[in-house]
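Contents: one structure, followed by commentary.
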Amino acid sequence: MKVCGFTFIKDAIKYDYPISEAILSILPICDEFIVAVGKSSDETLALIQSIAPEKIKIIETIWDETQREGGRVLAVETDKAFAAISEDVDWAFYIQGDEVVHEKYLPVIKEAMLKYRDDDRVDGLLFHYLHFYGSYDYIATASNFYKKEIRVVKRKQAVYSYRDAQGFRKGQDEKLRVKQIEAFIYHYGWVKQPKAMQAKQENFHKYWHDDQWVEKHVAKADEFDYSTISSLARFEGTHPQVMQQRIDKINWRFDYDMSYNKFSLKDQFKKMMYLLFKVDLNYKIVFSLQHLAHG
């Protein structure tokens with residue numbers, strides 16, 4: 001079985017993305033790794049070159065700013081990396097620049113890859129998500145934080161990145177059939193020093209909206225206001241080992257009073273619908289392969 005990791009990145013140092021940790025977290029189960037590095041205003045290219053040159057292949061790209069509306073450029077960059085994966089690869093493991101996998105899940109992921117490698121009824125593997133917020137001690141529980149996404153797909157499938165690189169599709173906008181595995185992606189996109197987070201937000205929205213929208217809707221401030229979150233929970237587990245050095249260097253403090261948690265009616269309705277019907281829009285979960293064989 002051959003596995004290739006892939007990702008895209010730009011201005012990782014400037015906006016404090018844990019891209020090294022992201023790559024290193026899944027590198028042990030990857031035979032090779034493709035990184036599409038966009039032309040940056042910092043030393044992102046040198047950073048990627050320093051990680052694991054024996055495994056990593058770098059594609060230097062220029063982001064098409066005309067496709068920024070709706071985050072489309074992010075999907076385009078993802079597709080550039082995927083297209084560079086050799087055709088003899090069985091599984092392509094996608095990781096974004098602020099996502100990290102705990103080492104305890106690597107055996108689970110590899111076992112699933114082996115189990116479903118030759119089963120044509122499975123297009124990919126679906127992961128649970130933990131979204132850290134404000135600090136490494138809290139996770140977001142509000143309904144607007146996605147709970148699951150596809151991060152492993154079969155290379156032989158003609159898959160492509162969907163919308164803003166959130167998930168994947170195949171053929172004519174067809175959802176992938178995926179197997180849910182008991183592994184989590186740790187998303188650290190909302191854990192940054194408040195000044196760095198503010199800078200990221202001001203830049204981030206430029207890849208979804210035009211300049212006029214950004215000017216009107218993105219608050220100008222010296223630091224990001226983390227207090228607007230509606231619901232958090234304490235994180236009681238351990239972080240991936242590759243994140244420990246970054247966590248040890250934390251230089252700001254974030255505290256949250258759980259009594260302030262306020263689930264809106266919309267949050268409650270979404271949670272109820274999810275628990276009752278497991279409604280997911282970006283994929284088709286394969287619950288029973290035996291049922292598919294006879295159904």
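Structure notes:
- For the stretch 53-89, GluC sites (Glu not before Pro) meeting the loop criterion (DSSP other than H, G, I, E, B) and having at most 15 other Cβ atoms within 10 Å: E54, E87.
- Entries of K115/K200; K148/K220; K170/K192; K57/K200; K80/K147 with Cα pairs more than 29 Å apart: K115/K200; K148/K220; K170/K192
- Proxy reagent accessibility, fewest Cβ within 10 Å first, across D16, D120, D164: D120, D164, D16
- Footprinting exposure proxy for D248, D123, D88 (fewest neighbouring C-beta atoms within 10 Å first): D248, D88, D123
- Our summary gives the stretch 10-156 a relative contact order of 25 percent, counting only alpha carbon pairs under 8 angstrom and 6 or more residues apart.
- Residue order, fewest to most beta carbons within 10 Å, for I26, I85, I51: I51, I85, I26
- Near the amide H of Q180, within less than 5 Å, lie the amide hydrogens of L126, V286, all on another chain or at least 5 residues away, with H placed in the peptide plane.
- When the trypsin sites (Lys or Arg not before Pro) in the stretch 1-78 are filtered for DSSP coil states and for at most 12 other beta-carbon atoms within 10 Å of their beta-carbon, the remaining sites are K39.
- In this structure, the amide hydrogen of A36, modeled 1.01 Å from its nitrogen in the peptide plane, lies closer than 5 angstrom to those of T7, F8, I9, I59, counting only residues at least 5 positions away or on a different chain.
- Sites E111 and K2, calculated FRET efficiency, Cβ-Cβ separation with R0 22 Å, nearest 0.05: 0.85
- Ratio of Rg to Rh over the stretch 10-115 (Cα coordinates, Kirkwood Rh, two decimals): 0.97
- For the stretch 112-200, the list of trypsin sites (Lys or Arg not before Pro) that fall in a loop by DSSP and count at most 16 other C-beta atoms within 10 angstrom reads R117, R121, K147, K156, R163.
- Shape class of the stretch 48-92 from the alpha-carbon gyration tensor: oblate, with a/c at 1.5 or above and b/c at least as large as a/b.
Read-outs throughout are calculated quantities, based only on the coordinates presented, and are distinct from any laboratory measurement. What you see is a predicted model; the values in this text were computed from it and never measured. Every residue, glycine as well, gets a Cβ built from its backbone with ideal geometry; the counts of neighbours run over all protein chains shown.
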